[in-house]
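Since the structure comes first, as structure tokens, the remarks are kept for the end.
Where a number appears in this text, it was derived from the coordinates with a stated rule and is not lab data. All of these numbers come straight from a predicted model, not from anything done at the bench. Positions of Cβ are generated from backbone atoms using ideal geometry, with glycine treated the same way; all protein chains shown enter the neighbour counts.
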Amino acid sequence: MASAGEIPRRRRQTKLIDMLHLHPLLQSWWQQLGSFCCANCNHSWQPFSSAAVIDDLSNRVNGNQVVMILSRTSAEMPTDELLMQGLTRYYLDGTLHRIEDVGDTLAAGSWLLHDRFKGLTNHLQRAAEGLNAAHSLEARVAVVVEDDFAEYQVDDYCAECHLSHDSSNLRLRLLGDNNWHDLLGAPLSEWGKLLDNQDKSAAARLVRFAIECGLHHLQVDRQLATLSLGEARRIELLTWISQSRSGQTLVFDEPGIGL
């Protein structure tokens, strides 16, 4: 921003959310408040977390019981492609089988084996890597402890109505009473309602500053070229304020603009 409040031509298409660097705040809210909502049955669930699964496994696994991490995709994958990915076993009807011993595709109801080990205490990192690898296939994830089979909720599958879920649909990503899509076009005042008083991050400070100096009405998807001269000037000053150190005094010689 120019010191006179004029917007350089190369930045006129920049959106307010980018100017104020608010994306980290959105990601932080997603980690704390985020949940998916099924478009078919309105069932909601939290995003997949390997840490949450491991926490549950700590109650399921006793001693050196055998743990198997499995995944199951909705699409049929050729067996030669699975072998090229390093997947050599599949689980079906309570038994492990060799992928290379079957035909071109696996039988219906087969689960791919991602890792197998004894006990959990000494394999926490390995368990996390196996779970994340299984989930990265946009697949259903299950863990077998000895003969105890348990499936875990994943991002791309609704466990309530048993249908695939589009986790990339921002309208189906909930943040409290808002969804991600609407929040990306909401005014700063709506963002302020989600702020945690204990959040001292730079993005949270900018939202508070913007609201306090009368910019609460600005939608975060507004392009800088659409701002008035006064609004642009305030945004510029806010970015300067956000860079100040704690306890530092700033003096502005424009008391008439509400700062």
Next item on the list: Compare the Cα positions of Ala128, Leu113, Val141 along the charge dipole of the chain (+1 at Cβ of Lys, Arg; -1 at Cβ of Asp, Glu; about the Cα centre) and return the one farthest towards the positive end.
Entry: Ala128
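Using the 10 angstrom Cβ neighbour count as an exposure proxy, how do Tyr152, Tyr157 rank, fewest first? Walk me through the numbers on the way to the answer.
Details: Tyr152 19, Tyr157 24.
Result, fewest neighbours first: Tyr152, Tyr157.
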Note to self: Please compute the modelled spin-label separation between Leu163 and Ala128, points set 7 Å along Cα→Cβ, answer in nm with one decimal.
What the structure shows: 3.6
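Translational diffusion coefficient, Stokes-Einstein: compute it for the range 48-154 using the Kirkwood radius over C-alpha pairs as Rh, at 10 °C and 1.306 mPa s, and state it as an integer in µm² s⁻¹.
Numbers: Rh = 13.9 Å.
Rounded, D is 114 µm²/s.
Pairs of Cα atoms under 8 Å, at least six residues apart: use those to get the relative contact order of the chain, whole percent.
Details: 361 pairs, mean separation 65.9, N = 259.
Relative contact order, the chain: 25 percent.
Rounded to the nearest 500 deg cm²/dmol, what is the calculated helix-only ellipticity per residue at 222 nm for the chain, with -39500 (n - 2.57) per DSSP H run of length n ≥ 4? Walk me through the numbers on the way to the answer.
Working: 9 runs with 80 residues, N = 259.
Computed mean residue ellipticity for the chain: -8500 deg cm²/dmol.
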Notebook entry, point to check: What percent do you get for the relative contact order of the range 48-154 when only Cα pairs under 8 Å and 6+ apart count?
Noted result: 38
Margin query: At 0.36 nm per residue, and after removing the present C-alpha to C-alpha distance, how many nm does the segment from Val251 to Glu100 gain when stretched out fully?
Written below: 47.0 nm
Next item on the list: Please report, in debye to the nearest 20, how large the charge dipole of the chain is about its Cα centre when each Lys and Arg carries +1 at its beta carbon and each Asp and Glu carries -1 there.
Entry: 1220
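What's the magnitude of the charge dipole for the range 54-96 around its Cα centre, counting Lys and Arg as +1 and Asp and Glu as -1 at the beta-carbon? Answer in Debye, nearest 20. Spell out each step's value before the answer.
Numbers: 3 positive and 6 negative charges, 33 e Å.
It comes to approximately 160 debye.
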Next item on the list: For the range 114-127, just list the computed ³J(HN,Hα) in residue order, Karplus coefficients 6.51, -1.76 and 1.60, θ = phi - 60°, integers in Hz, with x standing in for Gly and Pro.
Entry: 9, 6, 8, 7, 9, x, 10, 3, 8, 10, 5, 5, 5, 5
Item checked: Label point at Arg60 placed 7 Å out along Cα→Cβ; residues across the range 138-167 whose backbone nitrogen lies under 19 Å -> 138-160, 162
Margin query: Would you calculate the convex hull of the Cα atoms in the chain and tell me its volume per residue in Å³?
Written below: 179
Note to self: Suppose R0 equals 35 Å. What FRET efficiency, 1/(1 + (r/R0)^6) with r the Cβ-Cβ distance, do Ile241 and Ala186 give to the nearest 0.05?
What the structure shows: 0.95
Next item on the list: Taking H placed 1.01 Å from N in the peptide plane, check which residues at least 5 places from His165 or on another chain put their amide H under 5 Å from its amide H.
Entry: Tyr157, Cys158
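If R₀ is 30 angstrom, what is the calculated FRET efficiency for the pair Asp148 and Trp30, using the beta carbon separation as r and rounding to 0.05? Please report the intermediate quantities before stating the final value.
Working: r = 32 Å, r/R0 = 1.06.
Working from the Cβ atoms, E equals 0.40.
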